[in-house]
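The values are calculated or read from the model by the stated rules, or taken from the named source; none is laboratory data. The model shown is predicted, which means the values in this text are computed figures rather than measured ones. Every residue, glycine as well, gets a Cβ built from its backbone with ideal geometry; the counts of neighbours run over all protein chains shown. Ligands, DNA and RNA are stripped out before the accessible areas are found, and what is left, the full protein with its side chains, is counted by its heavy atoms. Shrake-Rupley method; radii C 1.70, N 1.55, O 1.52, S 1.80 Å.
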Amino acid sequence: MLKWFSILCSMMYALATTNAGEVFKVPMFVEHYIEYHGSLSEFVMEHYDNHKKDSDWDTDQKLPFINPPIVLTVHAQLPDLNFEIKKPKEIIIQQKNSFYQEKDFSHLYLSRIFQPPRLS
């Protein structure tokens, strides 16, 4: 029972959100073609290739895929991808000269762990 319910729901969703429902209009296509006097290719060309208003315009609008329903139409447009690689500006950083000048210290501090910084 659950299987048939899920199939039914899937079919209803597919018919409502796609152009699959246009298949139900095929009998109208056949009926209108039988009334038409000419070949199938002439019928299709006349009705589906820039069809102009005529005496049976209302019947023509009921043919399948003449006016398909616009359902779940998504329009996506990618942005223009124009980019340049610019040469980076040269950045000059002026450094101040700072020198550590050792004064006359005794050499006893060399035996300790904590020592003053030295210029290498």
Note to self: Cβ-Cβ under 6 Å, sequence separation 6+ or interchain: first residue in the range 18-40 and in contact (Cβ under 8 Å) with a residue 24 or more places away in the chain, partner of a type in the set (Phe, Trp, Tyr) and in a loop (DSSP other than H, G, I, E, B). Which pairs?
What the structure shows: GLU22/PHE65
Next item on the list: Sort out which residues of the range 1-28 are of a type in the set (D, E, K, R) and within 28 Å of ASP56 (Cα to Cα), and write them in order of number.
Entry: GLU22, LYS25
Note to self: Name the residue that is most open to solvent (accessible area, probe 1.4 Å), counting only residues in the range 20-40 that are aromatic (Phe, Trp, Tyr) and part of a helix (DSSP H, G or I).
What the structure shows: PHE24
Check: In the range 41-60, how many are touching a residue at least 12 places away in the same chain (Cβ under 8 Å), assigned to a helix (DSSP H, G or I) and open to solvent by less than 70 Å² (accessible area, probe 1.4 Å)?
Finding: 3
